[in-house]
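Trainee: Below you will find the structure I want to go over with you.
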Amino acid sequence: MAAKDLFQELKFRDPVRARALSEAIGHEVAALGRRVSVMHVCGSHEQAIARFGLRAVLPPDLELIMGPGCPVCVTDGPEVDEAVALAVQGARVCTYGDMLRLPGTARSLADAQAEGAKVDVVYSVSQALELAEKHPEDEVVFLGSGFETTAVATAAVALASPPRNFSILSVHKYVPAAMNVVAESPETNIEGYIAAGHAAIITGWGIFEPFAARTGKPVVVAGFEPLDILAAILKLTELMRAGKPEVANVYPRCVTKEGNLAAQRSLWKVFRPVTGRWRGIAEVRDGNLDLTAEFAHLDARKRFRIDTAPVRDDEAEEAAKGCICGSIMLGLANPGDCALFGKTCVPESPVGACMVSSEGQCRIWHTYGGVPDLRKVGT
Ligand code: SF4
């Protein structure tokens with residue numbers, strides 16, 4: 001095959017293939033003969049779906065819902081309080097940009113920064129490590145957020161014997177636990193799930209087999225190009241129609257059944273799953289990743305006495321009512337159902353977590369729109 005043909009094979013935005021996939025999905029849903037709901041659990045999937053207007057090419061009887069797939073959004077207010085308290089107590093807190101404006105019960109890290117606390121935005125945990133090496137006089141605390149994809153990077157740094165003034169405040173979350181929450185919710189009626197390809201690169205697609213067997217719902221692992229997502233929806237509807245609660249992988253160019261075993265070894269050496277609160281969703285069994293006893297010396301919660309009382313305000317948290325992030329993350333509502341969406345809640349002044357992060361559904365729908373109406377295109 002000529003070199004130019006090899007690259008042609010890598011066409012992921014081919015409108016002819018997209019149309020064919022859309023028609024095939026329509027055929028499957030028509031054959032199902034009822035309205036069906038499927039869920040993805042990934043902010044990156046929602047970004048692609050909204051940006052490319054994929055909901056417009058799905059049949060009206062197929063509802064594509066975003067679940068709790070934004071790790072920033074599910075970071076709970078009291079977890080942010082811990083980071084704010086550490087910053088106020090004098091630590092240098094480093095975290096990813098999306099975490100800066102995430103509200104605690106009363107204040108965000110951006111508020112603490114404006115009041116003079118040392119808060120640094122980093123693009124990677126390695127940058128936080130560099131800051132610790134550059135500022136030996138500071139206690140540098142890395143606020144580690146994200147699902148297992150980013151937890152692996154945090155684990156790698158923990159394993160690399162960081163300097164004594166470096167510690168980790170883990171608010172990392174674990175994706176499979178999020179799917180359990182939705183599947184166990186009596187209010188949801190999801191018939192199939194699209195799993196995030198990047199997380200599955202680490203865990204492997206085999207990790208979803210017990211979930212599919214237990215819930216009787218198929219799972220399809222997908223990449224992030226528009227055709228990846230359409231192919232996943234087609235596969236999901238095929239499995240639904242066949243009544244097969246199986247796991248399929250339409251991202252084989254990156255994901256294997258076993259995943260990255262070396263990364264898994266690092267992850268589970270440094271972290272252990274524990275039950276914890278997710279914002280708007282309540283307790284999630286095995287949903288949080290805490291440092292193991294072996295790495296307790298790096299655990300900011302163990303190294304410092306974190307006093308959140310001065311930065312905590314449960315009444316202010318209550319006042320953020322009207323925000324329906326919890327229902328949105330459980331797939332029970334969409335941003336259009338929130339009376340504040342695009343009015344008092346906008347990216348420049350977010351009321352709730354889903355408008356803060358670039359992976360939050362409210363922020364994504366505000367940027368791209370949620371369910372485009374192709375009849376309006378060109379008018
Ligand atoms: Fe919360 Fe704002 Fe989304 Fe409404 S639009 S659910 S207030 S984040």
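The values are calculated or read from the model by the stated rules, or taken from the named source; none is laboratory data. Since the structure is predicted, the reported quantities are computational estimates derived from the model, not experimental observations. Note: ideal-geometry Cβ built from the backbone for every residue, glycine included; neighbour counts use all protein chains shown. Ligands, DNA and RNA are stripped out before the accessible areas are found, and what is left, the full protein with its side chains, is counted by its heavy atoms. Shrake-Rupley method; radii C 1.70, N 1.55, O 1.52, S 1.80 Å.
Trainee: Take the chain, connect every pair of alpha-carbon atoms lying under 10 Å apart with a spring to form a Gaussian network, then pick out the residue of Phe12, Phe142, Phe224 with the largest mean-square fluctuation.
Mentor: Ranking Phe12, Phe142, Phe224 by mean-square fluctuation puts Phe12 first.
Trainee: Averaging over all projection directions, find the projected area of the Cα convex hull of segment 14-150 and quote it in nm² with one decimal place. Please report the intermediate quantities before stating the final value.
Mentor: Details: hull surface 44.7 nm².
For segment 14-150, the mean projected area of the Cα convex hull comes to 11.2 nm².
Trainee: Now a separate question. Within straight cross-link reach of Lys118, meaning Cα distance under 16 Å, which aspartates and glutamates are found once same-chain residues fewer than 8 apart are removed?
Mentor: By straight Cα distance, Lys118 reaches Asp81, Glu82, Glu130, Glu133, Glu137, Asp138, Glu139.
Trainee: Classify segment 202-244: rounded, prolate or oblate, from the alpha-carbon gyration tensor (a ≥ b ≥ c, eigenvalue square roots; a/c under 1.5 rounded; otherwise prolate if a/b is larger than b/c)? Could the numbers behind the result be given before it?
Mentor: Details: a/c = 3.67, a/b = 1.18, b/c = 3.10.
Because a/c hits 1.5 or more and a/b fails to exceed b/c, segment 202-244 counts as oblate.
Trainee: If you roll a 1.4 Å probe over the heavy atoms of the protein chains, what accessible area per residue do you get for segment 322-367, in Å²?
Mentor: 38 Å²
Trainee: With springs only between Cα atoms under 10 Å apart, run a GNM on the chain and tell me which of Val16, Val181, Val250 wobbles the most.
Mentor: Of Val16, Val181, Val250, the Gaussian network model singles out Val16 as fluctuating most.
Trainee: Sticking with this structure for a sec: State in Å² the accessible area per residue of segment 21-161; use a 1.4 Å probe, count heavy atoms of protein chains only, and round to the nearest integer.
Mentor: On the way: 4830 Å² over 141 residues.
So segment 21-161 comes to 34 Å² accessible per residue, rounded to a whole number.
Trainee: Across 10 Å bins from the origin, how do the percents of Cα pairs in segment 247-363 run, short distances first?
Mentor: Pairs per bin, as whole percents: 11, 25, 31, 25, 8.
Trainee: Shifting gears a bit: Listed here are the pairs Lys173/Lys235; Lys173/Lys244; Lys134/Lys302; Lys11/Lys257; Lys244/Lys343; which of them are more than 32 Å apart at the Cα?
Mentor: Listed pairs above 32 Å: Lys244/Lys343.
Trainee: Next up: For the chain, modelled as a GNM with alpha-carbon contacts under 10 angstrom, which of Ala160, Ala300, Ala199 fluctuates the most?
Mentor: Ala160
Trainee: Show the residues, 5+ positions off or on another chain, whose built amide H is closer than 5 Å to the amide H of Glu63.
Mentor: The list, which skips near neighbours in sequence, is Val36, Ser37, Val38.
Trainee: Still on this model: Any number yet on Rg/Rh for segment 78-175, C-alpha, Kirkwood? Spell out each step's value before the answer.
Mentor: Details: Rg = 12.5 Å, Rh = 13.2 Å.
Result: Rg/Rh = 0.94.
Trainee: First compute the accessible area of segment 322-367 with a 1.4 Å probe, then give the percent of it belonging to carbon and sulfur atoms.
Mentor: Working: 940 of 1760 Å².
After summing per-atom areas, the C and S share lands at 53 percent.
Trainee: What order do you get for 27-37, 276-286 when each peptide is scored by the mean count of other beta carbon atoms within 10 Å, highest first?
Mentor: Output ranking for 27-37, 276-286: 276-286, 27-37.
Trainee: Report Rg(Cα)/(2.2 N^0.38 Å) for segment 322-367, keeping two decimals.
Mentor: Computed over Cα atoms of segment 322-367, the ratio equals 0.95.
Trainee: Using only the Cα atoms of the chain, each taken as one equal point scatterer with no solvent, compute I(q) by the Debye sum, divide by I(0), and report log10 of the ratio at q = 0.12 Å⁻¹.
Mentor: -0.93
Trainee: Related question: Students sometimes get this wrong: rank Tyr251, Tyr123 by accessible area, probe 1.4 Å, all chains present, largest first.
Mentor: From most accessible down to least: Tyr123, Tyr251.
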